[in-house]
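> Before I ask anything, let me first share the structure, which is written out below as structure tokens.
The values are calculated or read from the model by the stated rules, or taken from the named source; none is laboratory data. On a predicted model such as this, the values are computed, not experimentally measured, just so you know. For neighbour counting, all protein chains shown are included, and Cβ atoms are generated from backbone atoms with ideal geometry for every residue, glycine included.
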Amino acid sequence: MIKDVLKALRDPNNNKVAICGMGGIGKTEMAIEIQRRAKADNLFDKVAMAMVSREPELKRIQADIAEKLGPRLNAEGLPGRSRPTAF
């Protein structure tokens, strides 16, 4: 399954991957291994991972991703914070 996810990440038409399933089946461990391999294979300049619950806190998720990727989130509202940013 890890190879399938890495293949999807190499596809230029794909810009995200979600790993979903019941608690305790190893989603986080799989995501950590995928992140490690993506970094080792230089698939991306930066890699970010976000844990999203059934009732996600969007501002926290955005802040977590921004902290890993580098942009500053100055806007307070969700629409302003989710606007694409060019680097």
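> All but one of (1) of a type in the set (A, V, I, L, M); (2) at pLDDT 90 or above; (3) surrounded by 12 or more Cβ atoms within 10 Å (Cβ to Cβ) hold for V17; which doesn't?
(2)
> A follow-up question, please. Would the range 37-59 turn up any residue that is part of a loop (DSSP other than H, G, I, E, B), polar (S, T, N, Q) and modelled with pLDDT under 85? Write out each step before concluding.
Taking the range 37-59 first, the residues part of a loop (DSSP other than H, G, I, E, B) are 41-57.
Within this subset, residues satisfying the condition of being polar (S, T, N, Q) are 42, 53.
Those still in the list that are modelled with pLDDT under 85 too: 53.
Yes, the conditions are met somewhere in the range 37-59.
> Here is a list of conditions, (1) farther than 20 Å from A66 by Cα; (2) assigned by TED's automatic domain parsing to the domain that holds A66, and M30 meets all of them except one; can you say which number that is?
Among (1) farther than 20 Å from A66 by Cα; (2) assigned by TED's automatic domain parsing to the domain that holds A66, M30 violates only (2).
> For I65, all conditions in the list (1) at pLDDT below 85; (2) surrounded by 14 or more Cβ atoms within 10 Å (Cβ to Cβ) hold save one; what is the number of the exception?
The failed condition is (1).
> Now for a different question. Given the criterion free of Cβ contacts under 8 Å to residues at least 24 places away in the same chain and surrounded by 11 or more Cβ atoms within 10 Å (Cβ to Cβ), identify the matching residue among A40, A31.
On the way: A40 fails: surrounded by 11 or more Cβ atoms within 10 Å (Cβ to Cβ).
Sole residue among the options that is free of Cβ contacts under 8 Å to residues at least 24 places away in the same chain and surrounded by 11 or more Cβ atoms within 10 Å (Cβ to Cβ): A31.
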